[in-house]
Amino acid sequence: MNTSTLRRLPAALTITALGLAALSACATTPAGSASTTDAVDTAITVENCGSQVTLDAPAKRIVLVNNDSLPNLEALDAVDRVVAVTSAPQEGLYKDSTYSTLDSLTLLSTEKNSTGGSIVSQESILGAQPDLVIAPENAVDREALAASGIAVYSPSAYCANPGPELSEPATFDRVWSEVRTLGTLLGEQDLAEKVVAAGSAGLSSAAPDAGTAAALYVSSGGSVLSPYGGPSMVTPVFAAAGLENVYADSDERVFDANVEDIISRDPGTIVLLYSSGDPQSVIDSFLSAPGVSALTAVEKGRVVALQFAYTDPPSMLSIAGPAELSGLLATLP
């Protein structure tokens with residue numbers, strides 16, 4: 001994962017090295033499936049970002065480093081297994097019960113390092129006594145945590161060295177893979193299959209052609225514009241809402257681009273992705289960026305702001321993304 005990508009992790013965190021402790025070895029099973037013997041203490045192992053995630057039993061105590069997997073935990077009725085978080089969830093995305101459950105938790109203490117990144121102390125992690133940490137891979141020391149008997153699972157979008165399959169255009173299959181893998185780690189495979197079936201059924205309707213669009217993340221006060229390419233969930237969310245991602249030919253999930261390049265692709269609509277603040281302030285920040293007034297979408301007033309979580313990384317909120325985006329498109333000229 002490159003530096004520009006890390007800037008767009010909603011709450012990317014790093015941890016300091018933890019003390020060593022032996023982690024028992026076990027047999028490996030494919031991602032999304034668990035060991036099949038009847039022993040209660042049979043370990044669960046899945047493949048994740050080129051590493052093995054091993055649990056002695058289904059995860060019961062989870063630390064969330066940012067909230068990217070929260071939609072999937074909610075769908076799997078596992079929010080009550082979260083024992084610590086690093087940030088409060090965005091408003092308006094989850095069930096009331098999810099907010100109530102997380103409101104009762106104390107946020108893990110964090111501090112800034114010399115480069116502006118956030119660090120969560122090892123005391124905070126260990127103090128929560130988790131059996132599973134869910135975090136971007138570059139946000140934690142997987143090996144150090146494993147040595148302390150704590151497993152780490154990273155959403156596929158945040159693998160530090162993604163495999164070639166993650167450079168291909170994304171589909172909603174990535175959501176189903178995330179749900180099934182978490183279902184395995186939680187011991188909820190049957191429920192995961194029901195979630196996948198219901199989610200798939202909700203995507204069956206074809207949307208009318210709504211033209212072309214670019215999804216941009218705006219940072220540094222509007223001076224940095226970052227499109228989302230083919231491997232991001234923007235591509236299938238756009239397609240389900242009738243839009244064609246003008247950056248679908250890129251094999252990068254997210255990257256920085258100059259205004260001239262965006263103009264050359266002439267998207268009919270600009271979709272601004274945001275993870276904090278209000279949509280109008282995001283739009284105003286974008287419109288203040290040098291050169292964007294030359295975009296056809298800006299000239300025609302076809303600029304909307306969509307909460308980041310409705311697209312990337314793959315989650316059950318990605319499944320809700322097309323309807324949310326279609327509602328925004330309906331307000332445009």
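The values are calculated or read from the model by the stated rules, or taken from the named source; none is laboratory data. What you see is a predicted model; the values in this text were computed from it and never measured. Cβ coordinates were reconstructed from backbone atoms using ideal geometry, including for glycine residues, and neighbour counts include every protein chain displayed. We work out accessible area using only protein heavy atoms, side chains counted, and drop any ligands, DNA or RNA first. Shrake-Rupley method; radii C 1.70, N 1.55, O 1.52, S 1.80 Å.
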For the stretch 152-308, what is the percent of antiparallel DSSP beta bridges, rounded to the nearest 5?
30
What does the charge count near Ser97 come to, summing +1 for each Lys or Arg and -1 for each Asp or Glu among other residues with Cβ under 11 Å from its Cβ?
-4
Sticking with the crude label model, points 7 Å out along Cα→Cβ, report the distance from Lys194 to Ser220 in nm, one decimal please.
4.9
Mean accessible surface per residue for the stretch 205-328, computed with a 1.4 Å probe while every protein chain stays in place, in Å²:
36
Mind ranking Met316, Met233 by accessible surface for me, highest first, 1.4 Å probe?
Met316, Met233
Diffusion coefficient, µm² s⁻¹, Stokes-Einstein with Kirkwood Rh over alpha-carbon pairs of the stretch 52-193 at 20 °C and 1.002 mPa s
135
Go ahead and run the numbers for FRET between Ala57 and Ala147, Cβ-Cβ distance against an R0 of 22 Å, rounding to 0.05.
0.70
From the phi of every residue in the stretch 85-102, what ³J(HN,Hα) in whole Hz does the Karplus formula 6.51 cos²θ - 1.76 cosθ + 1.60 yield, where θ is phi - 60° and glycine or proline is x?
9, 9, 7, 6, x, 4, 6, x, 10, 10, 5, 4, 5, 5, 4, 4, 5, 6
Report the label-to-label distance for Ala201 and Arg265 in nanometres (one decimal), using points 7 Å from each Cα along the Cα→Cβ vector.
3.6
Residues with amide H under 5 Å of Glu252's amide H, sequence separation 5 or more or different chain, H placed in the peptide plane at 1.01 Å from N; which?
Gly230
Using amide H atoms built in the peptide plane, which far-off residues or other-chain residues are under 5 Å from Arg61 H to H?
Asp131, Leu132
Please report the spacing between the Cα centers of the stretch 142-182 and the stretch 46-100 in Å, no decimals.
14
Residues with amide H under 5 Å of Ala160's amide H, sequence separation 5 or more or different chain, H placed in the peptide plane at 1.01 Å from N; which?
Glu137, Asn138
Note: Lys300 to Ser276 extended length (0.36 nm per residue) minus current alpha-carbon separation gives 6.1 nm
Local electrostatic count, Val271, Cβ distance below 13 Å [Lys/Arg +1, Asp/Glu -1]
-2
Quick check for you: which residues of the stretch 204-223 have the amide N under 16 Å from the point 7 Å beyond the Cα of Ser288 toward its beta carbon?
218-223
Rounded to the angstrom and largest first, Cα extents along the principal axes for the stretch 221-333 equal 35, 30, 25
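Mean 1/r over all different Cα pairs, inverted: what Kirkwood radius does the stretch 176-259 give, in Å?
Result for the stretch 176-259, one decimal place: 14.8 Å.
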